[in-house]
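Below is one structure, written out as structure tokens; the observations come after it.
All of the numbers you see were taken from the coordinates with simple rules; none came from a lab. Keep in mind that what you see is a predicted model, and the values were worked out from it rather than measured. So basically every Cβ, Gly included, is an ideal-geometry build from the backbone, and we count neighbours across all protein chains shown.
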Amino acid sequence: MSRFRVYPTSEQASIMLEHCAHARYVWNLAVEQHSHWKPGRTSAPGFAGQCRQLTEARCDNAWLGAGNADVQQQALKDFAKAKSARFASGFGEPTWRKKHVHEGFRVIGADRGPEFEADGSPKLNARTGKQVMSRSVVVDKLNRRWAQVKVPGCGWVRFRLTRPGLPRAKTFRVTFRNGQWHIAFAIVPEPIPAPKKGEVIGIDRGVKITAALSDGRRLNCPQLTAKERAQIRKHQRRAARAPKDSAAKTAEYAKVARLKAREADRRKDWCEKTSTMLARFYGLVRFEKLNIRNMTASAKGTIEPGTRVRQKAGLNRAILAQGWGLLRRRTGEKAPGRVEDIPAPYTSLRCSACGWIEKNSRKSQAEFVCVSCGFTCNADENAAHNVAAGQGGIPRPRRSAGAGGTTPPKGSSVREPQPA
């Protein structure tokens, strides 16, 4: 999916907000209809039945009838897809959409004529047997940096072209959040071909160093500057002192949201560029397998109160600000079949030179000194070497003293090494 920043005029923005309101209203009607539907002999109406009901509703409701019918029908189609995928997606039943939170709508492209197979024969639908009609979004390139797309009721709307070539898609979605408009074209990108050398790279993810590579490079996800963080604290204090439900409180919280959205944009941009680099220059990319959801779970507790809750909340924010999950997901999408997950246990305690596992070798967050062979290295880089070699997981029980060619130091907690 290709996502671009949209810059509509004030008149176009007001029309698109109306589209968002219509799509949200139709979606909520569908949610309410299915929530009150009593199971019996007849099932709840599907997409075709809801479209017929939408036509009647547009005749009875002047505000709904003044909107675009295609935008409202696409909201019903989105609901039908969410309803059919409620078990497979993991999100459950479709829920209500709220104003200022779920602002967006989807647009389908215009008909461009029938589609044909490679041999010239007409392309037929496998279910209905009818000929497939091709659809495409109307996009026009203005110059190297700007392009425009046709939005129903708005005409040509400009967007910033940040990728080479025009997007070719059948549908696109327009969203509005934190005072910014974005457009996302439904495009499945082509995977990046593997390089000829086919080198293996291991990546250790951390908080101090976002991604430590086994070749010695250290990559850090960009964060907000000290000045921007001070601005966030300033606007939060002003919002806390403003009267409840006042315009001043809303304006201050909007400024905080814009600053946090800037941080999220920087994180996404860094993950996109880093994942492209990994897929383009390395034949096999290995990540340590981390359960980020469990790592960022709250320590507050439900039955018994947890300990050091505020400290754990700060650690959770620091972990989520690194974009670990997004980097792993985007790398896997750009290099399918060339990304592996290595079990994380003992990757930080294992010596990448001799394979000895000892907790006392990890002197600090950044220093690793093997108590067996004396190998010295940055702790994150040492873990990245173990990940690249595929050495991870719980080791086997120790069978003999001095495994690995050396005698373990007295009083050390030694586990059997896993030789490469």
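Laid out as a table, the results:
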read-out	value
Sequence-separation-based contact order of the range 200-342, relative, with Cα cut under 8 Å and 6+ spacing, percent	29
Nearest-20 debye value, the range 200-342 charge dipole, Cβ charges on Lys, Arg, Asp, Glu	720
Farthest toward positive dipole pole in the chain [+1 Lys/Arg, -1 Asp/Glu at C-beta], among GLN322, GLN73, HIS22	GLN322
Amide H contacts of GLU340 (H built 1.01 Å from N, under 5 Å, at least 5 apart or other chain)	VAL285, ARG286, PHE287
Of every Cα-Cα pair in the range 168-285, the percent that sits beyond 19 Å	65
Listed residues ALA82, ALA321, ALA184, most fluctuating in the chain (Gaussian network, C-alpha, under 10 Å)	ALA82
Free-standing Cys, the chain [no other Cys Cβ under 4.7 Å]	CYS20, CYS51, CYS59, CYS154, CYS221, CYS271, CYS377
Under 5 Å, built H, 5+ apart or other chain: amide partners of TRP356	CYS351
Among GLN50, GLN148, GLN311: highest mean-square fluctuation, GNM of the chain, C-alpha pairs under 10 Å	GLN311
The chain - charge dipole about Cα centre, Lys and Arg +1 at Cβ, Asp and Glu -1, debye rounded to 20	1140
Hull shadow area, averaged, the range 295-364 [alpha-carbon convex hull, nm²]	7.7
Between the range 153-200 and the range 258-282, the alpha-carbon center distance in angstrom	14
Rounded tilt (10° steps) of 379-388 against the dominant C-alpha axis of the chain	70
Least to most buried among THR376, THR210 (fewest other Cβ within 10 Å first)	THR376, THR210
Most to least packed among 242-255, 17-30, 57-70, 151-164 [average Cβ atoms within 10 Å]	17-30, 151-164, 57-70, 242-255
Förster-model FRET efficiency, 41 Å R0, GLN231 and SER364, C-beta, rounded to 0.05	0.80
Mean Cα-pair separation over length for the chain, i.e. relative contact order, pairs under 8 Å, 6 or more apart, %	13
Tilt relative to the chain, helix 324-334 - C-alpha long axis, 0 to 90 degrees, to 10	70
Unsatisfied cross-links (Cα-Cα over 21 Å) in the set LYS244/LYS312; LYS150/LYS170; LYS227/LYS312; LYS208/LYS312; LYS208/LYS363	LYS244/LYS312; LYS227/LYS312
Helix-only [θ]222 nm of the chain, DSSP H runs n ≥ 4, -39500 (n - 2.57) each, per residue, nearest 500	-11500 deg cm²/dmol
Spatial separation of Cα centroids for the range 313-333 and the range 1-79, in angstrom	34
Phi to ³J(HN,Hα) by Karplus 6.51 cos²θ - 1.76 cosθ + 1.60 over the range 97-103, Hz, x for Gly, Pro	9, 10, 5, 6, 10, 10, 9
Alpha-carbon Debye profile of the chain, log10 I(q)/I(0) at 0.07, 0.08, 0.14 Å⁻¹	-0.51, -0.66, -1.40
Top positive-direction residue, dipole computed over the range 200-342 with Cβ charges, set GLN231, SER275, VAL200	GLN231
Principal-axis tilt of helix 69-84 within the chain, Cα atoms, nearest 10 degrees	40
Spatial extent of the range 1-94: Rg and Dmax, with the Cα atoms as the point set, Å	15.3, 51
